[in-house]
Structure formats: C-alpha cells, structure tokens
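Notes follow the structure.
Every number here is computed from the coordinates shown, using simple stated rules; none is lab data. Please read all numbers here as calculations on a predicted model, not as lab measurements. Don't worry about glycine lacking a Cβ; one is built from the backbone with ideal geometry, like all the others, and counts go over all protein chains shown.
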Amino acid sequence: MSEGRGPAVGSAPGKLILAGEHAVVYGHDAVALAIDRRTTVRLQAGPPGPLQVESAIADARLRAALAVALPEGGLQVRIETELPVGRGLGSSGALAVALLRARAAWRGAPVGFAQLHAEGFAIERVFHGTPSGLDHAVSAAGGALRYRRSPGGAVELAPLPTPAWPIVVLDSGRAGDTGAMVAGVRARRPAIDGALDQIGALSATFIEALRRRAALAEVAPLLNENHRLLREIGVSDDNLDEIVAFALRHGAAGAKLAGAGGGGVVIALCAEPARLLAAAAAAGLPAWAAPIAAPADPLEGTSP
Ligand code: MEV
C-alpha cells in the first residue's frame, strides 16, 4: 500500500429494512433505507508489520474482515461508528463500504457502486456467512433501494422514492447474531417456505406502494403483516413482539422488527412520532426518529 497518499477517510451509512428481510436471502424482493448514522474508517501510514487497529467496533471477526480489504501491513486503521453491532442497523455493511471507500481514497482511485457491492460481499461473508448483499448495497447507494438477488447471484436493484412517512426506531438494547439467525431460518426450511414467499410478495406490494408515494395509512398494515410472518419464520421473540405492541398502543399505525431479529430494533410508522417517542422515553425504551441518508452516487456502474 505504499502507493497511498493518506491519511484517507471513508464513511458509509447504516440501514433499516422496511420489508423483506430473510426472504431476500432466497431471491425475493426487499426494500431498505439508508439512515443518517454512519461508520467512518481512517487509514494512515503505520510502522512496518501487522495492521494497527483502533476500533469502536469490538467484534471478534473484525481483524479477519479488515484483512479482506487490507491484506498488507504498515497501516493504521481507525474505526468510529454511530451504529451499534447486531441491532439490525447494518453495522457490518456500513463498515464494509466505509473501509472500501477509505482504501480507495488512500490509493487515490475512485470507487463506484458496482465495485463497492462486489468487493463488499467478501467482507460481509466474514461477518454473516451467506449474506444477500442487501445491507452493503443500501449502505453504498444511500436513499431507498429495491433489492433482489437470484439464487444464481444475479442482482436486480433500483432506487425508490424516499418515503415521506415518519419512521420511529425502537431499540430492544439486545444484539442479535445475523449469521446465526440466517442459519436458523435455513434450518427451518422447507417448512417455512410459504411464509418466505408471502414476505417476498409483501415486499413487492410495498415497492409498488412506495413508487406511487402511497399514504402511511395504506402501507402501515404491511409492516404488521411482515412482522407476523417474521415471527412465523422464527426470528422474533417475546420482547420484540412486546415492543411492536407497545408502538401500536402509542400511536404507530404499523410496526415490525427490522433486520435479522433475535434482538435489534423495531421500526414503527406513525403519523405522530412525538407521541410514540414520549411514551418510549417514559418507559425507558431507547427510541429515535430515523433521518434518511440521501442517495450517495446511486447505483453508479450498475444496470438497475
Ligand atoms: C440482515 O440485515 C438482513 C437479512 O435478510 C440477511 C441478509 O439479507 O443477508 C436477515
């Protein structure tokens, strides 16, 4: 990496999945949004020898993931993040994209969506085994994204209008393990294939509604149905179900777990987010209104 002109910085947003998690691993549509919480990677020259790593992400797989993108030594890597690990916020996808952007800046070479997505898979596989690629796709693209990857690996994706509905994120405070949740779903197939198909169909409906800029009242029930199906495939739990019920009791029109499940966050669509945020604060439940990250260099280098 002696060609570098560092120090160099790369950054990327996390994500929320509006519809289609888990089903997307089996070739169905999903919809995700980039959010305005980011991971930032800084690279600078270090002493010869192994990478020197200073990281806000404490994860046993981190060094292996870094080695995918930075096989050479003689570098210092500093990682800062606003994305807690295992909460369905796409922390590893954001890390993958931020790291590849930092490496590109270090090398003084531009990097576009197609390269970020292709190379990001190798980093995501270190964390999650068999990712669909959705998480790092939306981190790289920003905005709202329709994503589908066929079992053969062909990817179809397209930017979608960014929804205007207020979205509240409620954090269970527990980390789920995406790789383990995906493996659990795989082990329950084919018994749950009908539910995965229904999640995929629901994503397609959601995409069509987003394209028409449908009102919150029309799309919110899709979240409730999506959550019911996620419970059916075994990725929700009592605590996440309670948080969904809490959101619905306090003004949300629709709510679902978002991400792999087994912990992580619930997202809620509500016309009056202040009411839900106040109820969550009174109950000691961490919650925030999700600002959407604008498209970056959306889908540059791909044929959506
Ligand atoms: C995790 O954020 C989303 C999953 O669908 C896994 C994946 O798409 O790789 C559960």
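How much net charge surrounds Val126 when only other residues with a Cβ under 14 Å from its Cβ are counted (Lys, Arg +1; Asp, Glu -1)?
Combined, the nearby Lys, Arg, Asp and Glu give -2.
Relative contact order of the chain: what whole-number percent is it, with Cα pairs under 8 angstrom and at least 6 residues apart?
25
At a threshold of 8 angstrom on Cα-Cα distance, excluding pairs fewer than six apart, so keeping six or more, what relative contact order does segment 88-229 reach in percent?
With pairs under 8 Å counted, the relative contact order is 19 percent.
Assuming R0 = 30 Å, can you tell me the calculated FRET efficiency for the pair Arg63 and Ala187, based on Cβ-Cβ distance, to the nearest 0.05?
My answer for the efficiency is 0.55.
Would you calculate, for the chain, the mean residue ellipticity at 222 nm contributed by helices, counting each DSSP H stretch of 4 or more residues as -39,500 (n - 2.57) and dividing by all residues, to the nearest 500?
Only helices count here, giving -12500 deg cm²/dmol.
Given 0.36 nm per residue, what is the gain on full extension from Val53 to Thr162 after removing their alpha carbon distance, in nm?
So the chain would gain 35.6 nm between Val53 and Thr162.
How long is the gain from Arg228 to Phe121 if the chain were fully straight, where each residue apart is worth 0.36 nm and the alpha carbon distance is subtracted?
Extra length from Arg228 to Phe121 when fully extended: 35.6 nm.
So what is the relative contact order for segment 130-192, in percent, with contacts set as C-alpha pairs under 8 Å and at least six apart?
Relative contact order, segment 130-192: 24 percent.
So, by mean Cβ neighbours within 10 angstrom, what's the order for 90-100, 8-18, 216-226, 108-118 with the highest one leading?
The densest-packed peptide leads the list: 90-100, 8-18, 216-226, 108-118.
Within segment 115-196, list the trypsin sites (Lys or Arg not before Pro) lying in a DSSP loop whose Cβ has at most 14 other Cβ atoms in a 10 Å radius.
Loop-located and lightly packed - Arg174.
Among the GluC sites (Glu not before Pro) within segment 1-83, which fall in a DSSP loop and have no more than 16 other Cβ atoms within 10 Å of their own Cβ?
Passing sites in segment 1-83 are Glu3, Glu72, Glu82.
Going by Cα centres, segment 200-227 and segment 129-167 are how many Å apart?
One Cα centre to the other: 16 Å.
Given 0.36 nm per residue, what is the gain on full extension from Asp237 to Ala278 after removing their alpha carbon distance, in nm?
12.3 nm
With 18 Å as the cut-off, how large is the P(r) tail for segment 30-112, expressed as percent of Cα-Cα pairs?
41
Can you work out the FRET efficiency for the pair Arg174 and Ala204, with r the C-beta to C-beta distance and R0 = 30 Å, to the nearest 0.05?
Given R0 = 30 Å and the Cβ-Cβ separation, E is 0.45.
Can you give the log10 of the normalised intensity I(q)/I(0) at q = 0.08, 0.14 Å⁻¹, computed with Debye over equal Cα scatterers of the chain?
Summing over Cα pairs of the chain leads to -0.33, -0.99.
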